[in-house]
Amino acid sequence: MIHASLVCQGCSGTLYAVATKDGAASLPTWKVDHDHTPPACPLRPLLPLEGTAAHIQELPHAEHVLTQPA
Ligand SMILES: [Zn+2]
(Lines give C-alpha, C1' and ligand atoms only; values in the text may rest on other atoms or scores of the structure.)
Protein backbone atom coordinates (compact mmCIF):
# COMPACT_ATOMS: atom_id res chain seq x y z
CA MET A 1 0.00 0.00 0.00
CA ILE A 2 1.67 3.21 -1.11
CA HIS A 3 0.15 6.61 -0.63
CA ALA A 4 0.98 9.26 -3.16
CA SER A 5 0.77 13.02 -2.91
CA LEU A 6 1.90 13.42 0.65
CA VAL A 7 3.67 16.71 1.21
CA CYS A 8 5.99 17.66 4.04
CA GLN A 9 4.86 20.68 6.04
CA GLY A 10 8.45 21.58 6.77
CA CYS A 11 9.96 21.81 3.31
CA SER A 12 7.03 21.21 0.93
CA GLY A 13 8.91 18.21 -0.37
CA THR A 14 7.21 15.06 -1.53
CA LEU A 15 6.92 12.24 0.95
CA TYR A 16 6.42 8.58 0.33
CA ALA A 17 4.54 6.28 2.64
CA VAL A 18 4.71 2.54 2.70
CA ALA A 19 2.52 0.32 4.82
CA THR A 20 3.47 -3.26 5.47
CA LYS A 21 1.35 -5.79 7.22
CA ASP A 22 2.30 -9.27 8.18
CA GLY A 23 -0.26 -11.98 8.35
CA ALA A 24 -0.88 -11.98 12.07
CA ALA A 25 -0.86 -8.25 12.61
CA SER A 26 -4.15 -6.44 12.79
CA LEU A 27 -2.63 -3.07 11.92
CA PRO A 28 -0.10 -2.11 9.26
CA THR A 29 3.35 -0.79 10.04
CA TRP A 30 4.09 2.48 8.33
CA LYS A 31 7.18 4.22 7.13
CA VAL A 32 6.94 7.78 5.87
CA ASP A 33 9.96 9.70 4.65
CA HIS A 34 11.11 12.26 2.12
CA ASP A 35 11.29 11.05 -1.46
CA HIS A 36 14.56 12.91 -1.77
CA THR A 37 16.37 14.02 1.35
CA PRO A 38 16.11 17.80 1.35
CA PRO A 39 19.18 19.92 2.11
CA ALA A 40 17.32 21.57 4.95
CA CYS A 41 13.99 20.66 6.45
CA PRO A 42 12.99 21.71 9.95
CA LEU A 43 11.14 18.43 10.35
CA ARG A 44 14.05 16.16 9.52
CA PRO A 45 14.47 15.11 13.16
CA LEU A 46 10.92 13.74 13.04
CA LEU A 47 11.42 11.68 9.89
CA PRO A 48 11.01 8.99 9.00
CA LEU A 49 7.72 8.48 10.70
CA GLU A 50 7.44 4.87 11.68
CA GLY A 51 4.85 3.08 13.67
CA THR A 52 1.84 0.86 13.70
CA ALA A 53 -1.49 2.50 13.15
CA ALA A 54 -4.72 1.95 11.32
CA HIS A 55 -4.36 5.22 9.44
CA ILE A 56 -1.36 7.26 8.45
CA GLN A 57 -2.75 10.28 10.27
CA GLU A 58 -2.54 8.35 13.54
CA LEU A 59 1.23 8.02 13.44
CA PRO A 60 3.19 9.99 16.03
CA HIS A 61 3.91 13.51 14.74
CA ALA A 62 1.81 12.96 11.63
CA GLU A 63 -0.15 16.11 12.36
CA HIS A 64 3.10 18.09 12.33
CA VAL A 65 4.59 16.54 9.23
CA LEU A 66 1.79 15.73 6.80
CA THR A 67 -0.17 18.42 5.11
CA GLN A 68 -3.81 18.13 5.88
CA PRO A 69 -6.13 16.94 3.13
CA ALA A 70 -7.89 19.87 1.52
ZN1 LIG B 1 10.53 18.07 4.81
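Each residue in region 49-70 was checked for being in contact (Cβ under 8 Å) with a residue 12 or more places away in the chain, within 16 Å of SER5 (Cα to Cα) and out of contact with any helix residue (DSSP H, G or I) (no Cβ under 8 Å at 6 or more places or on another chain), and 1 of them qualify. Tell me, yes or no, whether region 30-38 has at least one residue that is among the aromatic types (Phe, Trp, Tyr), within 9 Å of the chain's Cα centre (by Cα) and buried (at least 16 other Cβ atoms within 10 Å of the Cβ). Looking through region 30-38, at least one residue is among the aromatic types (Phe, Trp, Tyr), within 9 Å of the chain's Cα centre (by Cα) and buried (at least 16 other Cβ atoms within 10 Å of the Cβ). Across region 1-16, the qualifying residues are those that are touching a helix residue (DSSP H, G or I) at 6+ places or on another chain (Cβ under 7 Å) and outside any loop (DSSP other than H, G, I, E, B), and the one among them that is surrounded by the fewest Cβ atoms within 10 Å (Cβ to Cβ) is HIS3.
In this structure, does ALA19 turn out to be more than 12 Å from the ligand (Cβ to nearest atom), hydrophobic (A, V, I, L, M, F, W, C) and assigned to a loop (DSSP other than H, G, I, E, B)? No.
Of all residues in region 43-63, which are surrounded by 12 or more Cβ atoms within 10 Å (Cβ to Cβ) and either within 15 Å of the ligand (Cβ to nearest atom) or among the aliphatic types (A, V, I, L, M) (or both)? Hits for region 43-63 are LEU43, ARG44, LEU46, LEU47, PRO48, LEU49, ALA53, ILE56, LEU59, HIS61, ALA62.
Residues of region 22-46 that are assigned to a loop (DSSP other than H, G, I, E, B), farther than 17 Å from SER5 by Cβ and at pLDDT 90 or above: SER26, LEU27, PRO28, ALA40, CYS41, PRO42, LEU43.
The values are calculated or read from the model by the stated rules, or taken from the named source; none is laboratory data. This structure is a prediction, so every number in the text was calculated from the model and none was measured. Cβ atoms come from the backbone with ideal geometry, glycine included; neighbour counts cover every protein chain shown.
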